[in-house]
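K.L.:
Have a look at this one before I ask anything.
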Amino acid sequence: MQLYTIDTGYFKLDGGAMFGVVPKVLWSRTNPSDKYNLCPWAMRSLLIQDEDRLILIDNGIGDKQDANFLKHYYLHGDVDLYSSLAQHGFTTDQVTDVFL
């Protein structure tokens, strides 16, 4: 059995929305925000190769969001599911199972 970390993209979200009632002075130590109070986050999936199965656990955020969605999540970077799978020598057509 082989396990692979698959980066599926990056986004930014308001730190206050992410941490709720936790004071910024606490969460900003490990998750510093930018001047707009946005914290960067990575989306990662797990790929399991086991004999003739290629199992993907989560598939990321995709690319079909509308403009209203993008106003809140600030997707950035050039990493996606396809490029990350290719980095490990796989394509989406080879995935046999997906768990969401």
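The values are calculated or read from the model by the stated rules, or taken from the named source; none is laboratory data. Note that this is a predicted model, so its numbers are computed, not measured. Please note: Cβ atoms are built from the backbone with ideal geometry, for glycine as well, and neighbour counts cover all protein chains shown. Accessible surface areas use protein heavy atoms only, side chains included; no ligands, DNA or RNA. Shrake-Rupley method; radii C 1.70, N 1.55, O 1.52, S 1.80 Å.
K.L.:
Please work out which residue is modelled with the highest pLDDT, limiting yourself to region 54-100 and to residues that are surrounded by 13 or more Cβ atoms within 10 Å (Cβ to Cβ) and on the phi > 0 side of the Ramachandran plot.
P.N.:
Asp58
K.L.:
Write out, first by first residue and then by second, each pair whose Cβ atoms fall under 6 Å of each other, whose residues are 6+ apart or on separate chains, and whose first residue, in region 1-16, is within 24 Å of His72 (Cα to Cα) and of a type outside the set (Gly, Ala, Ser) while the second is open to solvent by 40 Å² or more (accessible area, probe 1.4 Å) and part of a strand (DSSP E or B).
P.N.:
That search, which allows pairs on different chains as well, returns Asp7/Arg44; Tyr10/Ala42; Tyr10/His76; Phe11/Trp41; Lys12/Pro40.
K.L.:
Residues in region 1-38 that are outside any loop (DSSP other than H, G, I, E, B), β-branched (Val, Ile, Thr) and out of contact with any helix residue (DSSP H, G or I) (no Cβ under 7 Å at 6 or more places or on another chain): how many?
P.N.:
Summing the residues that are outside any loop (DSSP other than H, G, I, E, B), β-branched (Val, Ile, Thr) and out of contact with any helix residue (DSSP H, G or I) (no Cβ under 7 Å at 6 or more places or on another chain) in region 1-38 gives 2.
K.L.:
Trp41 is checked against (1) open to solvent by less than 70 Å² (accessible area, probe 1.4 Å); (2) at pLDDT 95 or above; (3) in a strand (DSSP E or B) and fails just one. What number does that condition carry?
P.N.:
Here Trp41 clears every test but (2).
Okay, residues lined up against (1) part of a loop (DSSP other than H, G, I, E, B); (2) free of Cβ contacts under 8 Å to residues at least 24 places away in the same chain; (3) under 15 Å from Leu3 (Cα atoms):
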site	(1), (2), (3)
Leu54	no, no, yes
Gly62	yes, yes, no
Gln65	yes, yes, no
Asn68	no, yes, no
Lys71	no, yes, no
Val79	yes, no, no
Ser84	no, no, yes
Phe90	yes, no, yes
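K.L.:
Just to verify a result, which residue in region 1-30, among those that are hydroxyl-bearing (Ser, Thr, Tyr) and modelled with pLDDT under 95, is most open to solvent (accessible area, probe 1.4 Å)?
P.N.:
Looking at the filtered set, the residue picked out is Thr30.
K.L.:
What number of residues within region 13-45 are under 11 Å from the mean Cα position of the chain (by Cα) and either more than 21 Å from Gln87 (Cα to Cα) or not polar (S, T, N, Q) (or both)?
P.N.:
Final tally of qualifying residues: 5.
K.L.:
For region 44-53, give me each residue that is open to solvent by 60 Å² or more (accessible area, probe 1.4 Å) and under 24 Å from Gly15 (Cα atoms).
P.N.:
Arg44
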